Structure formats: C-alpha cells, structure tokens
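Trainee: Just dropping this structure here.
The values are calculated or read from the model by the stated rules, or taken from the named source; none is laboratory data. All values derive from a computational prediction rather than experimental measurement. Cβ atoms come from the backbone with ideal geometry, glycine included; neighbour counts cover every protein chain shown.
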Amino acid sequence: MTTFDEITAWAGTGNVTRADPAVVAGWQIPEEQKALLVDVGIPIVDQLIEYVSFQVEAAPALQTADGRSLYRLTRNHHGGLVPGMEWSFGAEPGTGTVYYVLPQGEAWFANSSVELWLRTLHHYGLHVSESEILSDPDDREDEALTELGLLADELKEIDPPAFSGYIGFIWAEFLDRRLW
C-alpha cells in the first residue's frame, strides 16, 4: 500500500493533493479507493499529471467519446501546447478503474483501480526522480531505453492488465514516448 509520506518523499509535500472527504463521499467507487484519494492523495508527475482536480459533483462529470461518464481526478494541458486542449485521468463509477481521457474524449485504460493507479504513479515517480539517466537522457539514449524497459516490467508487475495491449493503454504509450 502506498502512503502519503512515501509519495511526498519524491514528489514534495506541495505536489501531492489529497481529496476532501466531503467531495468524494458521494462518488460511486469502492470505499477503500475513496479512502486512498483522501489519505494518500495524487502527486504531480512530470509529463503526465500537471493538476490534480477532483470534481466536486457527486455524479461523474468527465465525458468520454463512447458515452461513459467518469469521476475527474486530474486535468492536464501539457504546458498549454495546444490552447483549449485538455487531458484528464478519471475513475469509472462502480469499479474505480482509471482511464486517461484524451481531448476528444477517447478513453485509454490506465489501471485496474485507483489503488493500482496510485501504486503505479508512485513507483514511476520514485524511479524517475532517482534516475540519473532518465533525468538527462540526451547522450545516453540506449541506456535510457533499457532503463525504461526495466521500469515497464516493474510497472507491469503492479498491474498486469495495464500492459496487456499497446493501442488504448496509456502506460505503454507514455513510456514509449518518454524520451521524445
């Protein structure tokens, strides 16, 4: 189980946002997953999560292109690269399965639950924060690719379904593009 202290050790206290219990109280996800959002929180993760943004509505508000509604967890603008474009992580009602929703609403599978998503974010963030190679991969591209491959294997151990495909699976895509 990932803790607030473990995440803040690499992300910094000001870069982890815990949910207000009153905000998630009405969400229809498993109680233990709501408790993790309150007790552990969500970290800012370089190139992946810019803003933690728990929706305040009790009904899921993040719309997907296939007609599903998710509970919004984050908002990303990728540094304003394309004005008006927004990417978000959201949790599915009932299961708490986490998806990454692209600007046009396409929902990519991230993790099987909020718990596994937080564990994956923690392992990824801790690894990257401690890696000399990934912090400056320019002259060490082969080493960086090898390290990303090992990291992918470690993340797959946390949540195997998150790596059971490439298209429509955010972690495989994200790790593949990490150097670009």
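Trainee: Between residues in the range 55-83 that are farther than 16 Å from residue 100 by Cβ and surrounded by fewer than 16 Cβ atoms within 10 Å (Cβ to Cβ) and residues that are of a type in the set (A, V, I, L, M, F, W, C) and modelled with pLDDT of 95 or more, which pairs lie under 6 Å by C-beta distance while being six or more apart or on different chains?
Mentor: 56/23
Per-residue answers, yes or no, for (1) touching a residue at least 40 places away in the same chain (Cβ under 8 Å); (2) buried (at least 16 other Cβ atoms within 10 Å of the Cβ); (3) part of a helix (DSSP H, G or I):
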{"residue": "47", "(1), (2), (3)": "yes, no, no"}
{"residue": "100", "(1), (2), (3)": "yes, yes, no"}
{"residue": "119", "(1), (2), (3)": "yes, yes, yes"}
{"residue": "138", "(1), (2), (3)": "no, no, no"}
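Trainee: Pick from the range 123-161 the residues that are of a type outside the set (A, V, I, L, M, F, W, C) and modelled with pLDDT under 80: which of them is nearest to residue 98 (Cα to Cα)? Let's see the steps before the verdict.
Mentor: At the first step, the residues of the range 123-161 found to be of a type outside the set (A, V, I, L, M, F, W, C) are 123-125, 127, 129-132, 135-143, 146-147, 149, 153-154, 156-157, 159-161.
Checking the rest, the ones that are also modelled with pLDDT under 80 come to 135-141.
On the way: 135: 27, 136: 30, 137: 29, 138: 32, 139: 35, 140: 33, 141: 31 Å.
So, considering only residues that are of a type outside the set (A, V, I, L, M, F, W, C) and modelled with pLDDT under 80, the one nearest to residue 98 (Cα to Cα) is 135.
Trainee: Taking the range 19-37 only, how many residues are surrounded by fewer than 16 Cβ atoms within 10 Å (Cβ to Cβ) and either in a loop (DSSP other than H, G, I, E, B) or of a type in the set (A, V, I, L, M) (or both)? If you could, list the steps in order and put the result at the bottom.
Mentor: As a first pass, look at the range 19-37 and keep what is surrounded by fewer than 16 Cβ atoms within 10 Å (Cβ to Cβ): 20-22, 25-26, 28, 31-32, 35.
Of the ones still in play, those that are also either in a loop (DSSP other than H, G, I, E, B) or of a type in the set (A, V, I, L, M) (or both) are 20, 22, 25-26, 28, 35.
The qualifying residues number 6.
Trainee: Is there a residue being modelled with pLDDT under 90 and in a strand (DSSP E or B) anywhere in the range 162-172?
Mentor: As a first pass, look at the range 162-172 and keep what is modelled with pLDDT under 90: 163-172.
Within this subset, residues satisfying the condition of being in a strand (DSSP E or B) are 169.
Yes, that holds for at least one residue.
Trainee: Residue 72 fails exactly one of the following numbered conditions: (1) touching a Leu at 6+ places or on another chain (Cβ under 9 Å); (2) under 23 Å from residue 126 (Cβ atoms). What is the number of that condition?
Mentor: (2)
Trainee: From the list 80, 94, 84, 105, which residue is at pLDDT below 90 and more than 18 Å from residue 46 (Cα to Cα)? Give the steps one after another, and end with the answer.
Mentor: Details: 80 fails: more than 18 Å from residue 46 (Cα to Cα); 94 fails: at pLDDT below 90; 105 fails: at pLDDT below 90.
Just one listed residue meets the conditions, 84.
Trainee: Just to be sure I understand, how many residues within the range 120-129 are β-branched (Val, Ile, Thr) and over 10 Å from the mean Cα position of the chain (by Cα)? Before the answer, list the steps.
Mentor: Quick first cut of the range 120-129, residues β-branched (Val, Ile, Thr) only: 120, 128.
Then drop every residue that is not over 10 Å from the mean Cα position of the chain (by Cα), which leaves 128.
Total satisfying the criteria: 1.
Trainee: Going by the structure shown, is residue 39 farther than 18 Å from residue 60 by Cα and not aromatic (Phe, Trp, Tyr)?
Mentor: Numbers: farther than 18 Å from residue 60 by Cα: yes; not aromatic (Phe, Trp, Tyr): yes.
Answer is yes for this residue.
Trainee: Scan (1) touching a strand residue (DSSP E or B) at 6+ places or on another chain (Cβ under 6 Å); (2) assigned to a loop (DSSP other than H, G, I, E, B) for the single condition residue 58 breaks and write down its number.
Mentor: If we test residue 58 against (1) touching a strand residue (DSSP E or B) at 6+ places or on another chain (Cβ under 6 Å); (2) assigned to a loop (DSSP other than H, G, I, E, B), just (1) comes out false.
Trainee: Further, regarding this structure: Residue 117 - would you say it is modelled with pLDDT under 95 and either over 27 Å from residue 149 (Cα atoms) or under 14 Å from the mean Cα position of the chain (by Cα) (or both)?
Mentor: Numbers: modelled with pLDDT under 95: no; either over 27 Å from residue 149 (Cα atoms) or under 14 Å from the mean Cα position of the chain (by Cα) (or both): yes.
In short, no.
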